[in-house]
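Report on the structure given below.
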Amino acid sequence: MSQKSSALTTLWQGLQGTWQLKRKLHSMSVAQPSGNCTGTALFTARQPAVFVDGEGKLQNASKEMLYSEQGDFEMTSMNGMTNLPKFSFSRKYVWRLQDEKSVTPEISIWFVKPGTEQIDYLFHKFVVQDVMEDEKPGKSSIVVECSGGHLCVEDYYSSTYTFQLSKTPTNMSDNFTLACWTMLHEVRGPQKDQVIETELFPIC
């Protein structure tokens, strides 16, 4: 198994469970909202679906998880207004691990059909771009950087995922665990000009 494949498998295993979510949404246009989100994200493992996508291609995967997030969004500005009220948000996606043991494994993220947990259409795929070691006294870390992209009508989502895998002397084995991770979506196009940064931490 390659280093990239091993890192992707390790971080996939570490995703399962509940995470604390903090998100910042910054819109360059005053007509689009800016603000902060707080909430939780939950990964739940399930049997991978086998289906034919919208392009007529058969889709299979090694593993699959349902991703569910919910929380509160506090807008800080929109259309020149400030001190706007909070409102609740929720969203679901399906994450799929594909080509797990190959040299170039990848994770694909799919939208779900409204009101269900069934796969609808592809958001994007991301692959490991770099695996970096970060050695510090009493602690070893590996930083895994991944990237992907998605064209939504005329707006392009450029996405970067950064996962920190950590190992400390208190670990009973040589295995690394997923300590925290981030998602960064930069959206550019005629309809949107936004940066969406999400940090996820273990629930203490």
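Any read-out appearing in this document is the output of simple, stated calculations on the displayed coordinates, not a laboratory observation. Treat the numbers as computed from the prediction; the structure is a model and nothing was measured. A quick note on method: Cβ atoms are made from the backbone with ideal geometry, for glycine too, and the neighbour counts reach across all protein chains shown.
Residue separation of residue 55 and residue 152 scaled by 0.36 nm, minus their Cα-Cα distance, works out to 33.3 nm of gained length.
Rounded, prolate or oblate: which fits segment 3-202 when a ≥ b ≥ c are the square roots of the eigenvalues of the alpha-carbon gyration tensor, with rounded for a/c under 1.5 and prolate only if a/b beats b/c? Oblate. Think of the chain as a dipole: +1 on every Lys or Arg Cβ, -1 on every Asp or Glu Cβ, centred on the Cα centre; then among 177, 48, 17, 17 lies furthest on the positive end. A crude spin-label estimate for the pair residue 83 and residue 193, with each label 7 Å from Cα along the Cβ direction, gives 2.9 nm.
Once you charge only the Cβ atoms, +1 for Lys and Arg and -1 for Asp and Glu, what is the size of the charge dipole of segment 3-202 about its Cα centre, to the nearest 20 debye? Kindly include the intermediate steps, with their values, before the conclusion.
Values: 19 positive and 23 negative charges, 76 e Å.
The dipole magnitude comes to about 360 debye.
Close amide H partners of residue 179, meaning residues 5 or more places away or on another chain with modelled amide H under 5 Å apart, are 164, 165, 166. With each label modelled as a point 7 angstrom along the Cα→C-beta vector, the residue 104-residue 121 pair spans 2.5 nm. Between residue 162 and residue 201, the modelled label-to-label distance comes to 1.6 nm, taking each label 7 Å out from Cα in the direction of the beta carbon.
Using C-alpha pairs below 8 Å separated by at least 6 residues, the relative contact order for the chain is 19 percent. Taking the Cα centre of segment 3-202 as the origin and placing charges on Cβ (Lys, Arg +1; Asp, Glu -1), which of 198, 114, 124 is farthest toward the positive end of the dipole? Toward the positive end, the furthest listed residue is 114. One Cα centroid belongs to segment 2-30, the other to segment 32-67; the line between them spans 13 Å.
Given the Cα-Cα distance of residue 66 and residue 31 and 0.36 nm per residue of separation, how much length would full extension add, in nm? Before the final figure, lay out each step's value.
Details: separation 35, 0.36 × 35 = 12.60 nm, distance 3.24 nm.
Stretched fully, the residue 66-residue 31 segment lengthens by 9.4 nm.
On a 0 to 90 degree scale, rounded to 10, what angle separates helix 3-15 from the longest Cα axis of the chain? For 3-15 against the chain, the angle is about 60 degrees.
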